[in-house]
Amino acid sequence: MSTSIKIEEKDKKEFENLQSELSLRFGKKITQQELFSRIIELVEDSKEVFIKGMYLPLSEEEIEKIRKLQSDWGVVTSEEEIDELLYEK
């Protein structure tokens, strides 16, 4: 079954750029259908995070407040450690 959806031009460009980047990285053509299906799978895997992000957009002012809370504690943390803490992997 094939269905068309309307998307904004900037989103279409981003999607095509992602498609091109993945095709280059994997050395084979990635179809838009494959890419779209994979995006849906990723959203399914993190549905709650996705839903919260949809309905809790932050204003630039709120983002700036959060950035001001950041400070360097002088501790080096690896990406794996962060993933483990955030996602309980």
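Here, each number is a calculation from the coordinates, and none is a lab measurement. Everything numeric here is computed off the predicted structure, so don't read it as measured data. Using ideal geometry, Cβ is built from the backbone for each residue, glycine included, and neighbour counts are taken over all protein chains shown.
What the table below lists for this structure:
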quantity	calculated
Under-5 Å amide H pairs with I30, H placed in peptide plane, nonlocal only	S23
Positive-end residue of L58, S2, S20, charge dipole of the chain with Cβ unit charges	S2
³J(HN,Hα), Karplus 6.51/-1.76/1.60, whole Hz, each residue of the stretch 35-50, x for Gly, Pro	5, 4, 4, 5, 4, 4, 4, 5, 5, 4, 5, 10, 4, 5, 4, 4
Pairs from K6/K65; K10/K47; K6/K68; K12/K65 whose Cα-Cα separation, in the structure shown, is over 28 Å	K6/K65; K6/K68; K12/K65
Degrees between helix 9-26 axis and first principal axis of the chain (Cα, 0 to 90, nearest 10)	90
Mean ellipticity per residue at 222 nm, deg cm²/dmol - from DSSP H runs of n ≥ 4 across the chain, formula -39500 (n - 2.57)	-21000 deg cm²/dmol
Given charges at beta-carbon only (K, R positive; D, E negative), |dipole| of the chain in Debye	480
Lys/Arg +1, Asp/Glu -1 at C-beta; the stretch 9-87 dipole; positive extreme among G74, V49, L85	V49
Label of the coordinate-derived value, Cα extents along the principal axes in Å, listed as [x] 51, 31, 23; [y] 41, 31, 22; [z] 38, 23, 21	[x]
